[in-house]
Amino acid sequence: MAVKNQKKEEDLGFAFHKENYLLLIAGLILIAAGFLLMLGGGSDDPQVFSEALFDFRRLTLAPILILAGFIVEIYAIMKRPKSTN
């Protein structure tokens, strides 16, 4: 019985490995890029309407990047490292 407990203690290590952290950083970069692409488009004069609010970058590209970033984050969390045994 002592051998099983000792093996369990040895298996306990870091939850994530280098690849997981790199994927987490890549996902955060995608999310940040998406939010940065949504910035701007406003008008200095509140009486003037700006059509820049409804361009491709803000309505399509930015949400796709944010969604891709969240998918990468979920994958990075769920990915198990390859066993070395």
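The values are calculated or read from the model by the stated rules, or taken from the named source; none is laboratory data. Everything numeric in this text was worked out from a predicted model, so none of it was measured. Please note: Cβ atoms are built from the backbone with ideal geometry, for glycine as well, and neighbour counts cover all protein chains shown.
Consider only pairs whose beta carbons are under 9 Å apart and that are at least six residues apart or on different chains; among these, list those whose first residue lies in the stretch 32-52 and is closer than 28 Å to LEU67 by Cβ and loosely packed, with under 11 Cβ neighbours inside 10 Å and whose second residue is at pLDDT 80 or above and charged (D, E, K, R).
Within 9 Å, the pairs are LEU39/ARG58.
Among the numbered conditions (1) surrounded by 15 or more Cβ atoms within 10 Å (Cβ to Cβ); (2) touching a residue at least 40 places away in the same chain (Cβ under 8 Å), tell me where ARG58 comes up short.
ARG58 satisfies all of (1) surrounded by 15 or more Cβ atoms within 10 Å (Cβ to Cβ); (2) touching a residue at least 40 places away in the same chain (Cβ under 8 Å) except (2).
Given the criteria modelled with pLDDT of 80 or more and in contact with a helix residue (DSSP H, G or I) (Cβ under 8 Å, 6 or more places away or on another chain), does LEU30 qualify?
yes
Tally time: how many residues in the stretch 40-72 are over 18 Å from LEU23 (Cβ atoms) and among the hydrophobic types (A, V, I, L, M, F, W, C)?
Result for the stretch 40-72: 10.
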